[in-house]
Structures are given as C-alpha cells and as structure tokens.
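Data first, discussion second: the structure below is written as structure tokens.
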Amino acid sequence: MNKFRPWAFWRRLQYGAGFSVFCAGLVTLIYFTNFYVGPSCFDNFQNGDEAGVDCDGSCVRICAASIIPPRVVWADSFAILDGQYNAVAYIENPNKVAATPALDYTFTLYEEGSIIATRSGTTILPPNSTYPIFAGRILTESGRVPTKTEITLAPAEVWQPATTDSSQFVVRDKVLSSPGSRPRLTTRIENVELAEADEVEVVATIFDNSGKPLTASQTIIDNFAPRSTREVVFTWPSSIAKTVRSCEVPTDIIMAIDLSGSMNNDQAEPPEPVSSVLQAAEAFANRLQASDQISVVTFASEAKLEQALSNNASSVASLISTLSIDPKEEQGNTNTGAALELALLEIQSERSNQDARQAVVLLTDGLATAPEEEPENFALAAAAALKAEDITVYTIGLGENVNLDFVRQLASSPALAYQALNKDQVDEIYQRITSSLCEDGPARIDVIPKTATNFTPLR
C-alpha cells in the first residue's frame, strides 16, 4: 500500500500549474501576434474612447447624435427651355465644423398636386453656412409646367470635420450681360486659403428685389489653386430679360393708343376721354428708365407709326401731347389688329434692343370694327403673333361698354388686362404697368462655391 506523500503532491501540482501558464502564454502570444486587432474607428464597434460606434473620441467621424440636421430653406424650379427646368434648393448646415461628403437628395416637381418629374443625386454639404443644391435639365412629362417644387434629404451616413468653410471663397464682382439674347453672368472668385480646391461646384442664383428666386445656373471649376482668382462664367440657353425684372434690364415698349372718333364722345372741350388718355400716356413715357426705348402707334380706321423706338423719353412725351383725333375718323372704324401688326414690325426692326425685354401696351375704348371681315379675329391673330415672339402684351379697356373678354384675350394673360371705368383711372393703370415692367432696385445675385477637397480625411 502506497503511503501518501504531501511534498510529492505539491510538486506535481506546481509542475502542472507551470505548464498550464506556459501554454496559456504561448496561446496568447500566438493570438496577439497573428490574430488580434485593436480598437479602431472602422471596426463597427463602440470601443476605446469612442462616444458612439466608430465616431467621436479619437475618431475623425462625428457622431450623428451630435449633429444639428440640415434645414431646407427653399426649393424651386426655373424654366430654361420649353419642358426643361433647372431645380435649386438652399440648404442650411448650422454645424460649425461638421460637413458631409455625401448627402443624398431628391427633387420632386408637381403640377397641381401631380408629380411631373423627379431627380435624385448626391452632393456635398460644407459646414457653417447655407449652400445650394442644383439639378439641371429636368424634363417634365409632356412639357407640363411645375407649380410646386420640393426637395427631400436622406440622413447622411458620414459626418466629418472640414478644415475650411464658405469663407474660403470670396466673390469679387458680378456682371450680367445680354439678358435678352445670350444671357451671361461673369464673376471673379478668389480662393483666399493656402489650400487648393478640386471639383468646386459654383451655383449662381438671381433673385428679385423681394428675395424671390428667379433663375439659376451652375458651373464646375476642376482645380482652384491656393491664393488665386478665377473668372467664372454662367450662361442660359434663352432670354432671361423677362424673368429678371430688375429695372437694370432695359425694356422696349410700343404704346398703341386708340384715336378713333369715340375717344372724344364724352366731352367736346377739351375732347374726352382722349385728353386724359394722352396726358396719362405722356406721364407713362416720362416714368421710363434711361435705358428703355419707347415707340408710339396710333390707330383708328388704319394704324400709324407716330414715333419709332427712341430712348429720348421726354421727346416722345412731348410728341404724345400733340396727338389728336383726325376729324375724318369721327365716323371711322377701330382697326386694333393693324396697330398690333405695326407694333410687331417696329419691335422687330433694327432699332430694337436685342438685350431688352419687349412689351406692347394697347389702350382702346371700343370694339374692333376693321377690317370688315372678322375684325376681332384679325386682332387676336395679330396679338398671338406678338406673344409667339415672347413680347408681353398689356391691354387697357376704357369705359363700361368695352368688350372686356376681347381685351383679356388680346393680353398675354388675363392679369395683364385692365379696365378703366373712367378716364381718371387711366393714369393709375399706366403706373401699375410701369411697376409690372420692372421692379424698383437691382436684382440680387448669389454666387456660392462649395468643395469637398478640404474635408478632414477619415482615419
């Protein structure tokens, strides 16, 4: 029978424990040498000093929980050609340093509640300012016209710091030229930082003086060297003279004034309502801008060019004051169509300003009675020819007996047709037309660059 020896037991236990420790150490060494990966900013775990999964702490990525969500300031779309639109939205990023290199968006264009076009894409959103998102050449279904534009933003997957913000670029000047023929906006932009910028998106948006956006364009600068200045040009494929209603854009105006015999039926001395009408027309001419041109056409049985297009408003006003009704027209006719045809010929003459918006302002107190066959249809066809050339037609129907439906059909839209129930209202209507032709004050032009070049790289 073996006798239990305590010292032998403890020796075997020490040997076993030592061997186990050795094996465990060897396994640990092999694991750490060949398989162990320490906490990182790309392991999809919250570890180390991270405040969230792979964000904050020593990670460059910023946790979404600490981000103030971007805010849509406005979204709109602008006709570029028939059935083709540019869509723009202003997005505010209030975060001081947080930016995203990939913000997914979708523009949706509606016509009276029905979706007529969508456009999705991805853009960058730098920090600490408001930036545009631009989507160009959006085609609508069957040429339909959008009445509402919306943008939706998907939550950004990555937020990271940017080393610079909107202060990196300074826009030095903005010159809008040829708005009526080949619209062109020329600007000088300076990169004031020591860092270059690649793929710089630059969006130009033109607003009216009340802050409503009117149109927009985009261009890309492939590489923008540090501490350098670049000339940047934006263009539009068709006229924006009517869209940009600033008084800085000139207007060519044809005043068509009815001098048929009925215009002196109210009072013989002075003849009314023609005397008040001519005074109001004279005041209208004197209110025009120095860059505007005005022409005068009168009509009764026939139409006559009294004054070719001229930018000498005071001279034209003086001529208007001398107009009178030919006694032969006391029993004559009213040839509205001939006046509109003559207006088109003058506005298409070599005297017209190709960079101006173009308008006809017609005043009549009666029905179209000449030529003998279908005089109203003749006048409506002449008005249609003007509108087909993108010439705005304003109409003023004088008196209670005027055919208001006819006057409205002549105008470019019912909103541009007016009725003066008496001679005293004529000047007020001419003033409203002056305000419609152009707005007080210059248009506002925003030119906003943005680039992802200076986002802090993830590591």
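The values are calculated or read from the model by the stated rules, or taken from the named source; none is laboratory data. Keep in mind that this is a model prediction, so the values were computed, not measured. With ideal geometry, Cβ positions are generated from the backbone for all residues, glycine too; neighbour counts draw on all protein chains shown. Areas reflect the complete protein model, heavy atoms only, side chains present, ligands, DNA and RNA absent. Shrake-Rupley method; radii C 1.70, N 1.55, O 1.52, S 1.80 Å.
Look at the alpha carbon pairs under 8 Å that are at least 6 residues apart: their mean separation over the length of the chain gives a relative contact order of 14 percent. When each full DSSP H helix of the chain is screened for a Cα extent of at least 15 Å along its own axis and an average Kyte-Doolittle hydropathy of at least 0.5, the helices passing are 6-34, 274-286, 336-347, 375-388.
On the basis of the beta-carbon distance and an R0 of 35 Å, GLN218 and SER349 show a calculated FRET efficiency of 0.45. Segment 125-198 and segment 215-281 have Cα centres separated by 27 Å.
Out of these labelled values of mean projected area of the Cα convex hull in nm², (i) 50.5; (ii) 20.6; (iii) 35.3, which was calculated from the coordinates shown here? Recomputing mean projected area of the Cα convex hull in nm² here picks out (iii). Rolling a 1.4 angstrom probe over segment 160-315 with all protein chains present gives an accessible area of which 42% lies on carbon and sulfur atoms. As a calculated quantity, the FRET efficiency between SER177 and ALA290 at R0 = 22 Å, using C-beta atoms, amounts to about 0.80.
Checking the Cα-Cα distances for LYS387/LYS423; LYS96/LYS148; LYS174/LYS387; LYS174/LYS450; LYS174/LYS212; LYS148/LYS212 against a 26 Å cut-off, the pairs over it are LYS387/LYS423; LYS96/LYS148; LYS174/LYS387.
Annotation for GLU372 and ASP104: the two label points, set 7 Å from Cα along the Cα-Cβ direction, are 7.3 nm apart.
Report the residues of segment 125-156 in range of a label on VAL192: point 7 Å along Cα→C-beta, backbone N strictly under 17 Å from it. Flagged as within label range: 127-130. In segment 335-459, what percent of the accessible surface is made up of carbon and sulfur (1.4 Å probe, ligands and nucleic acids excluded)? Carbon-and-sulfur percentage of accessible area, whole number: 47. Over segment 379-449, accessible surface divided per residue gives 45 Å², non-protein components excluded, 1.4 Å probe. Rolling a 1.4 Å probe over the protein heavy atoms gives segment 83-174 an accessible area of 44 Å² per residue.
How large, in percent, is the carbon and sulfur part of the accessible surface of segment 56-97 at a probe radius of 1.4 Å? Provide the component values of the computation, followed by the final result.
Numbers: 1090 of 1970 Å².
That share works out to 55 percent.
State the extension gain, in nm to one decimal, for the chain segment bounded by GLU111 and GLN419, taking 0.36 nm per residue of separation less the distance between their alpha-carbons. List each step's numbers first, then the result.
Numbers: separation 308, 0.36 × 308 = 110.88 nm, distance 3.08 nm.
Contour length minus the Cα-Cα distance gives 107.8 nm.
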